[in-house]
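Down below is the structure, laid out as structure tokens.
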Amino acid sequence: MPVQLILNYLGLINSRFEAVHGGDINECWRIESKGAIYFLKINEAKLYPDMFKKEAKGLDALKENSSLNIPSIIKNGSLDNKQFLLLEWLQNNGKSTNWKTFGVQLALLHRKKQNYFGWEEDNYIGTLIQKNTEKKFMGGVLCRVQDYSTNYQTL
């Protein structure tokens, strides 16, 4: 079983694990070990080269540049023909999502300025490779976002 081999490789011996369902690309697992809870993603390295390395880089950038609740990366790597990404487990606190706050946080994230459109390297959208060739802004603005961060009304 690949999950047990990866857990042993990570030093998470005698861990409890259970499958987490919802996606169709990766095997996903909830891991309990040494008083901590993790989220483990596993897939075939040859089918999606560097997928989790790229995902970890993107998650780090989101965590650094937003106030969204982004899981911490514990470890990513490969073992035999599998690649894995071990993340902090984000527990749902049972409260309903505050979509207004989420929307404001997402809008603020998209206000981050840079000299080009896109990400710094190619990555994935699902199983598809997303080409991220740098696109320069040419004499204008691609989009305009109104600042709702401090002045919004309840509907």
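Overview of values
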{"item": "Separation of the Tyr116 and Lys95 label points, Cα + 7 Å toward Cβ, nm", "result": "4.0"}
{"item": "For the chain: relative contact order, % (alpha-carbon pairs under 8 angstrom, 6 or more apart)", "result": "16"}
{"item": "Highest-first arrangement of 50-57, 18-25, where packing means the average Cβ count within 10 Å", "result": "50-57, 18-25"}
{"item": "Gain on full stretching of the segment that runs from Lys63 to Leu128 - 0.36 nm per residue minus C-alpha separation", "result": "21.0 nm"}
{"item": "Net charge of Cβ neighbours under 14 Å - reference Asn76; Lys, Arg +1; Asp, Glu -1", "result": "+2"}
{"item": "From the coordinates shown, mean projected area of the Cα convex hull in nm² corresponds to which of (i) 11.9; (ii) 9.1; (iii) 11.0", "result": "(i)"}
{"item": "Per-residue HN-Hα couplings for the stretch 119-130 [Karplus 6.51, -1.76, 1.60; θ = phi - 60°; Hz; x = Gly/Pro]", "result": "9, 6, 8, 5, 8, 10, 10, x, 8, 8, 6, 9"}
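No value in this document is a laboratory result; all are computed from the given coordinates. Quick caveat: nothing in here was measured; it's all calculated off a predicted structure. Note that each Cβ is placed from the backbone with ideal geometry, even for glycine, and that neighbours are counted across all protein chains shown.
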